[in-house]
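First comes the structure, then the notes that go with it.
Readers should treat all values here as calculations from the given coordinates under stated rules, not as data from a laboratory. Worth saying up front: this structure is predicted, and the values here are computed from it rather than measured. Glycine also receives a Cβ, built like all others from the backbone with ideal geometry; neighbour counts cover every protein chain displayed.
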Amino acid sequence: MANELQGKRIAFLMANEGVEQVEYFEPRKAVEEAGAEVDVISTESGQVQGFEHLDKAETWEVDKSTSEARADDYDGVVLPGGVANPDNLRTDSDAVRFLREFFAAGKPVGAICHAPWMLVEADVVDGRKVTSFPSLQTDIRNAGGNWVDDEVVVDSGLVTSRKPDDIPAFNSKIVEEFAEGVHEEQREKAQAAS
């Protein structure tokens, strides 16, 4: 299974600060081990400051800013969590546009922990089954989503998980969904929501 994502390019969408780094490093490792190429897309060029909970940790390079990024260039997108990361990211109109493009094209999306805040901001959870860090359940329900408390949830190409403990299940499902490619149901649900 080491080559199931061979020839695929996956975007990791994040703000420049506040990313829970294990929710970036581990999914990145999983998709690269499956053969994918990866780009870090962030709100600004330069570096991303990772965090281990509330403590600053490692930094890594940004490949493209959200203003430059287009979903047409990618086969899927992963949104790592961290409390501050999606809260900062959702204020960037280019990041929201970029994420919406994936749903409109039916391309698979993975979001873990607090990252589903971006799904709410992009207005793509209506009628969808989603999980997240428990503190987001009211936001997801208010946006029309069906929030559930499971380690990983797959809904027509959308993969969500609750927390770092769920990373192994999350990684397995994002690789599977990215390998499957475009999900027509994802496109149809995005059109119905807009």
Exercise. Give the residues of the stretch 143-194 that are assigned to a helix (DSSP H, G or I) and among the aliphatic types (A, V, I, L, M), sorted by residue number.
Key: ILE167, ALA169, ILE174, VAL175, ALA179, ALA190, ALA192, ALA193
Quiz item: Quick one: would you say ASP72 is in contact (Cβ under 8 Å) with a residue 12 or more places away in the chain, acidic (Asp, Glu) and part of a loop (DSSP other than H, G, I, E, B)?
Solution: no
Quiz item: So which residues in the stretch 165-186 are surrounded by 18 or more Cβ atoms within 10 Å (Cβ to Cβ) and more than 14 Å from the chain's Cα centre (by Cα), if there are any at all?
Solution: ASP166, ALA179, HIS183, GLN186
Quiz prompt | Residue ID - farthest from ASP94 (Cα to Cα), chosen from residues in the stretch 1-35 that are surrounded by fewer than 19 Cβ atoms within 10 Å (Cβ to Cβ) and among the small types (Gly, Ala, Ser) | solution = ALA2
Quiz prompt | Which listed residue, of ALA122, ALA111, is in contact with a Lys or Arg (Cβ under 7 Å, 6 or more places away or on another chain), buried (at least 17 other Cβ atoms within 10 Å of the Cβ) and of a type outside the set (Asp, Glu) | solution = ALA122
Quiz prompt | Sole residue being surrounded by 15 or more Cβ atoms within 10 Å (Cβ to Cβ), outside any loop (DSSP other than H, G, I, E, B) and in contact (Cβ under 8 Å) with a residue 40 or more places away in the chain, chosen from PHE51, PHE103 | solution = PHE103
Self-check item: Subset of the stretch 106-119 that is of a type in the set (A, V, I, L, M) and outside any helix (DSSP H, G or I) - its residue that is farthest from GLU17 (Cα to Cα)
Solution: VAL109
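In the stretch 81-99, what residues are in a loop (DSSP other than H, G, I, E, B), surrounded by 17 or more Cβ atoms within 10 Å (Cβ to Cβ) and at negative phi?
Selection gives GLY81, VAL83, ARG90, ASP92.
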Quiz prompt | Residue check, LYS29 of a type in the set (Lys, Arg) and either over 26 Å from ASP155 (Cβ atoms) or touching a Ser or Thr at 6+ places or on another chain (Cβ under 9 Å) (or both) | solution = no
Quiz item: Looking only at the stretch 125-135, which residues are out of contact with any strand residue (DSSP E or B) (no Cβ under 6 Å at 6 or more places or on another chain) and surrounded by fewer than 24 Cβ atoms within 10 Å (Cβ to Cβ)?
Solution: ASP126, GLY127, PHE133, PRO134, SER135
Quiz item: Taking only pairs six or more apart or across chains, which ones have beta-carbon atoms under 8 Å, a first residue in the stretch 1-30 that is among the basic types (Lys, Arg), and a second residue that is part of a loop (DSSP other than H, G, I, E, B)?
Solution: LYS8/GLY35; LYS8/ALA36; LYS8/ASP75; ARG9/ALA36; ARG9/TYR74; ARG9/ASP75
Quiz prompt | Hey, VAL40 among the β-branched types (Val, Ile, Thr), within 22 Å of ILE174 (Cα to Cα) and part of a helix (DSSP H, G or I) or not | solution = no
